[in-house]
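Visitor: I'd like to ask you about the structure that follows.
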Amino acid sequence: MRVYVPLTVPGLAEAHKAGKLGPAPLVAYAVTPALREWYVSDDIEELEYAALSRAAAASLRLLAGEPAAARRRVVVAVDVPDQDAVADPDRALVASALGEVRIASAVPLAKAAAVHVDADDAVDDVEAAAQALGAADQGDDDAQFTVDGAEDHELLWYGVQEIPNLIA
């Protein structure tokens, strides 16, 4: 199963240094039954993009808690055995948890298929979105508009061998 692990640039640097994504339990996003039901689609590429987008939103939340981190959302795509990615059935229909899975152990970075990172032109919008996230969560429509502005930026695809350049 392909899962999408939200990180920050410092988190990616730690994973690169350690050779693994962790510590466990690891929160990731995947094409879960609840995500399929929510998006009402059978197109696996569309569903995987939705899971990637959920992970990008989680990366933004991580950035909001790390003011010193580079203002780029980071998502690592990793392949794990299906049984290792477990969705919490009690949160299956909670909108903020759609596609969320837990992985009980650290995942070797060697299992990563790709890394997705914001481009330079997204940095200002991601910074503004990270600052506005709290107000957006409280129902502020202007703040939500700012958060949505970061989501308008597509994450760029990088090969795992490019991680040293991304964390430099």
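Visitor: So, in region 19-57, of the ones that are of a type outside the set (Asp, Glu), surrounded by fewer than 17 Cβ atoms within 10 Å (Cβ to Cβ) and without any contact (Cβ under 8 Å) to a residue 60 or more places away in the chain, which residue ends up nearest to ASP82 (Cα to Cα)?
Guide: Among those residues, the one meeting the criterion is PRO33.
Visitor: Can you pull out every residue in region 150-159 that is of a type in the set (A, V, I, L, M) and surrounded by 17 or more Cβ atoms within 10 Å (Cβ to Cβ)?
Guide: We begin by selecting, within region 150-159, every residue of a type in the set (A, V, I, L, M); these are 150, 155-156.
ALA150, LEU155 - these are the residues of region 150-159 that are of a type in the set (A, V, I, L, M) and surrounded by 17 or more Cβ atoms within 10 Å (Cβ to Cβ).
Visitor: Output the number of residues of region 76-102 satisfying the condition of being loosely packed, with under 11 Cβ neighbours inside 10 Å and farther than 20 Å from GLY22 by Cβ.
Guide: Residues meeting the conditions: 3.
Visitor: Quick check: is even one residue across region 39-60 within 25 Å of ALA136 (Cβ to Cβ) and part of a loop (DSSP other than H, G, I, E, B)?
Guide: No: region 39-60 contains no residue that is within 25 Å of ALA136 (Cβ to Cβ) and part of a loop (DSSP other than H, G, I, E, B).
Visitor: List pairs: first residue in region 147-168 and under 22 Å from LEU133 (Cβ atoms), second residue open to solvent by 60 Å² or more (accessible area, probe 1.4 Å) anywhere in the structure, Cβ distance under 8 angstrom, at least six positions apart or on different chains.
Guide: GLY149/ASP125; ALA150/ASP125; ASP152/ASP125; HIS153/ASP121; HIS153/ASP125
Visitor: Now, a different point. Restrict the check to region 138-151 and report whether at least one residue is under 22 Å from ALA15 (Cβ atoms) and either in contact with a Leu (Cβ under 7 Å, 6 or more places away or on another chain) or not β-branched (Val, Ile, Thr) (or both). Don't jump to the end; show me each part of the working.
Guide: Filtering region 138-151 down to residues under 22 Å from ALA15 (Cβ atoms) leaves none.
No, that holds for no residue.
Visitor: Another question, then. For region 127-134, state whether one or more residues are open to solvent by 10 Å² or more (accessible area, probe 1.4 Å) and in contact with a strand residue (DSSP E or B) (Cβ under 8 Å, 6 or more places away or on another chain).
Guide: Within region 127-134 (the criterion being open to solvent by 10 Å² or more (accessible area, probe 1.4 Å) and in contact with a strand residue (DSSP E or B) (Cβ under 8 Å, 6 or more places away or on another chain)), the answer is no, since none of the residues qualifies.
Visitor: Ok, one more. Out of VAL115, VAL147, which single residue is buried (at least 17 other Cβ atoms within 10 Å of the Cβ) and outside any helix (DSSP H, G or I)?
Guide: On the way: VAL147 fails: outside any helix (DSSP H, G or I).
Going through VAL115, VAL147 in turn, just one is buried (at least 17 other Cβ atoms within 10 Å of the Cβ) and outside any helix (DSSP H, G or I): VAL115.
Visitor: For region 101-111, state whether one or more residues are assigned to a helix (DSSP H, G or I), among the aliphatic types (A, V, I, L, M) and out of contact with any His (no Cβ under 7 Å at 6 or more places or on another chain).
Guide: The initial filter retains those residues of region 101-111 that are assigned to a helix (DSSP H, G or I), namely 109-111.
Within this subset, residues satisfying the condition of being among the aliphatic types (A, V, I, L, M) are 109-110.
Subset that is out of contact with any His (no Cβ under 7 Å at 6 or more places or on another chain): 110.
Checked against the condition, which is being assigned to a helix (DSSP H, G or I), among the aliphatic types (A, V, I, L, M) and out of contact with any His (no Cβ under 7 Å at 6 or more places or on another chain), region 101-111 yields at least one hit.
Visitor: Quick one: is ALA130 modelled with pLDDT of 95 or more and not in a helix (DSSP H, G or I)? Working first, answer last.
Guide: Values: modelled with pLDDT of 95 or more: yes; not in a helix (DSSP H, G or I): no.
Judged against the criteria, ALA130 is not a match.
The values are calculated or read from the model by the stated rules, or taken from the named source; none is laboratory data. Quick caveat: nothing in here was measured; it's all calculated off a predicted structure. Glycine also receives a Cβ, built like all others from the backbone with ideal geometry; neighbour counts cover every protein chain displayed. Quick note on the areas: whole protein, heavy atoms, side chains included, nothing else; ligands and nucleic acids left out. Shrake-Rupley method; radii C 1.70, N 1.55, O 1.52, S 1.80 Å.
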